[in-house]
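Okay, structure first, notes after.
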Amino acid sequence: MIKLHDKVFKPFLTEEQILEAIEKMALEIAKDYQDTVPIFIGVLNGAFMFVSDFLKAYPHPCEVSFVRLSSYQGLTSTGIVETLLDVPENVEGRDVIILEDVIDTGRTLKQLVHLFSGTNVRQFKIASLFYKSEIYNGEYSIDYVGLEIPDSFIVGYGLDYKELGRNLRQVYQLNQDNMINLVLFGKPGAGKGTQAGLLKEKYNLKHISTGDVFRYNMKNDTELGKLAKSYIDRGDLVPDEVTINMLKAEVEKNPEAAGFIFDGFPRTEAQAEALDNFLESKGMQVDATIALEAEDDILIARLLERGKESGRSDDQDESKIRNRFDEYNEKTAPLKAYYQKQGKFHSVNGIGEIIEITERLNAVIEQL
Ligand code: AMP
């Protein structure tokens with residue numbers, strides 16, 4: 001185990017495994033390019049070590065150059081890719097092979113393809129040492145791959161966590177063995193958001209409120225916001241497919257999280273199944289589902305009060321609130337049985353002082 005900044009990483013790939021994969025790639029590419037002199041273009045900073053070992057393993061004449069892009073800040077891909085060092089000038093009419101250290105969602109790759117689309121290269125290919133096929137959602141097919149790896153955060157062999165770890169000879173993976181993932185369950189107004197805000201501090205968890213993400217998108221008038229608005233205004237649930245995809249994207253944005261609090265998700269059996277499958281694919285799981293219980297009259301009074309302060313239209317109209325309760329009773333309540341079957345359901349009295357309720361939740365979490 002090693003520690004970089006605040007995170008612990010465990011060994012994942014040895015130097016031998018990496019070099020063996022690189023040698024295989026170099027010979028495979030050499031076979032396709034024996035009659036020309038290709039230009040290998042490394043993508044800085046992460047690929048510098050890969051480029052070096054790749055070139056040493058490449059048996060024919062070749063040239064090398066670099067571009068530099070940035071998209072990662074810390075552990076989270078920001079979604080914005082900047083070009084810091086542009087395409088070299090001598091690529092016209094040449095066979096260009098990009099050498100990437102890792103391809104995950106494909107955002108950087110898209111920018112690379114775009115960068116080269118304006119040049120008259122003879123042929124353009126992509127070779128990536130590591131490839132997270134599970135989360136790649138680009139259109140461009142990857143021509144040469146060293147190793148397919150699962151979607152966990154890695155450092156070493158040129159790759160960094162906040163600039164540290166690039167000098168390591170092997171690759172390490174973020175240690176998530178102590179991860180806790182909680183589902184906060186309960187009707188609208190049960191106090192999920194309030195309690196999640198307190199628990200996330202205590203246990204250093206990432207709080208994902210699907211309601212908040214929808215409201216953020218509505219406020220910014222995004223496509224997702226426009227889509228969700230009519231459902232939310234009526235107090236209906238947003239369709240599963242939309243909500244599930246959004247939730248996955250929120251989890252993907254936080255590969256560094258020590259765990260998640262899911263607040264307002266899942267709300268249907270299809271969402272619960274999707275969450276289980278998604279977490280499993282990442283070596284994670286729901287550890288506990290904790291329900292905050294309170295009677296409808298109390299909840300309605302709380303929501304109307306909240307509606308006055310927040311201006312949320314779905315909190316201001318009793319008929320919309322009743323419709324949200326109906327949605328809950330029909331679609332969400334059955335999840336109690338779903339999680340009971342897995343032995344993960346815990347129920348907590350949601351009435352009392354905020355701090356008392358937090359203590360009841362802590363008591364459940366401490367037992368896990
Ligand atoms: P909340 O803030 O959790 O009360 O959510 C507000 C509204 O967002 C809900 O009434 C739904 O219309 C929508 N919403 C939030 N989470 C979900 C979900 N998991 N599935 C479907 N719709 C949701």
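The values are calculated or read from the model by the stated rules, or taken from the named source; none is laboratory data. Given the structure is predicted, the values throughout are model-derived calculations rather than measurements. All Cβ positions, glycine included, derive from the backbone under ideal geometry; neighbour counts span all protein chains shown. Keep in mind that these areas ignore ligands, DNA and RNA; they rest on the heavy atoms of the full protein, side chains included. Shrake-Rupley method; radii C 1.70, N 1.55, O 1.52, S 1.80 Å.
Of note:
- Condition met for I357 (part of a helix (DSSP H, G or I), modelled with pLDDT of 95 or more and not acidic (D, E)): yes
- Within segment 186-200, restricting attention to residues that are within 11 Å of the ligand (Cβ to nearest atom) and under 22 Å from the mean Cα position of the chain (by Cα), the residue that is nearest to A258 (Cα to Cα) is A196.
- Scanning segment 172-217 for residues that are open to solvent by 50 Å² or more (accessible area, probe 1.4 Å) and assigned to a helix (DSSP H, G or I) gives T194, L198, K200, E201, K202, D212, R215, Y216.
- The residues of segment 19-40 that are open to solvent by less than 60 Å² (accessible area, probe 1.4 Å) and not aliphatic (A, V, I, L, M), listed by number, are Y33, T36, P38, F40.
- Residue among A257, A228 that alone is more than 27 Å from D317 (Cβ to Cβ) and of a type outside the set (F, W, Y): A257
- Residue-level check: of (1) of a type outside the set (A, V, I, L, M); (2) at pLDDT below 95; (3) open to solvent by less than 70 Å² (accessible area, probe 1.4 Å), D53 misses just (2).
- Within segment 60-93, being at pLDDT below 70 and open to solvent by less than 70 Å² (accessible area, probe 1.4 Å) holds for S71, G74, L75, T76, S77, T78, G79, V81.
- Among the residues making up segment 326-342, those that are within 12 Å of the ligand (Cβ to nearest atom) and open to solvent by 70 Å² or more (accessible area, probe 1.4 Å) are D326, K331.
- The residues in segment 218-272 that are closer than 22 Å to Y339 by Cβ and open to solvent by less than 20 Å² (accessible area, probe 1.4 Å) can be counted, and the count is 17.
- Leading residue by the ranking (farthest from G235 (Cα to Cα)) among those in segment 303-325 that are within 12 Å of the ligand (Cβ to nearest atom) and of a type in the set (A, V, I, L, M, F, W, C): L303
- Residues in segment 309-324 that are in a helix (DSSP H, G or I) and more than 19 Å from V183 (Cβ to Cβ): E309, S310, S313, D314, D315, E318, S319, K320, I321, R322, N323.
- D276 vs. criteria outside the structural domain of V8 (by TED's automatic domain parsing), within 16 Å of the ligand (Cβ to nearest atom) and either crowded, with 17+ Cβ neighbours inside 10 Å or part of a helix (DSSP H, G or I) (or both): yes
- Among residues of segment 344-364 being in contact with a Lys or Arg (Cβ under 9 Å, 6 or more places away or on another chain) and open to solvent by less than 30 Å² (accessible area, probe 1.4 Å), the one that is farthest from I180 (Cα to Cα) is G350.
- Residues satisfying the criterion are absent from segment 197-208 (criterion: under 24 Å from E295 (Cβ atoms) and either aromatic (F, W, Y) or outside the structural domain of N329 (by TED's automatic domain parsing) (or both)).
- Tabulated pairs, segment 280-306, first closer than 19 Å to R360 by Cβ, second of a type in the set (K, R) and in a strand (DSSP E or B), C-beta under 6 angstrom, 6+ apart or interchain: none
- For segment 224-249, the candidate set comprises residues that are more than 7 Å from the ligand (Cβ to nearest atom), more than 19 Å from the chain's Cα centre (by Cα) and without any contact (Cβ under 8 Å) to a residue 24 or more places away in the chain; within that set, the residue that is farthest from F260 (Cα to Cα) is S230.
- As for segment 113-132, it holds no residue that is assigned to a loop (DSSP other than H, G, I, E, B), within 24 Å of E28 (Cβ to Cβ), at pLDDT below 90 and not β-branched (V, I, T).
- Close pairs from segment 351-368: first free of Cβ contacts under 8 Å to residues at least 12 places away in the same chain, partner open to solvent by less than 40 Å² (accessible area, probe 1.4 Å), Cβ under 9 Å, at least 6 apart: A363/V348; Q367/A288
- Only a single criterion out of (1) within 16 Å of the ligand (Cβ to nearest atom); (2) under 30 Å from L147 (Cβ atoms) is not satisfied by R215, namely (2).
- Residues within segment 95-114 that are among the β-branched types (V, I, T), open to solvent by 10 Å² or more (accessible area, probe 1.4 Å) and over 13 Å from V67 (Cβ atoms), tallied: 2
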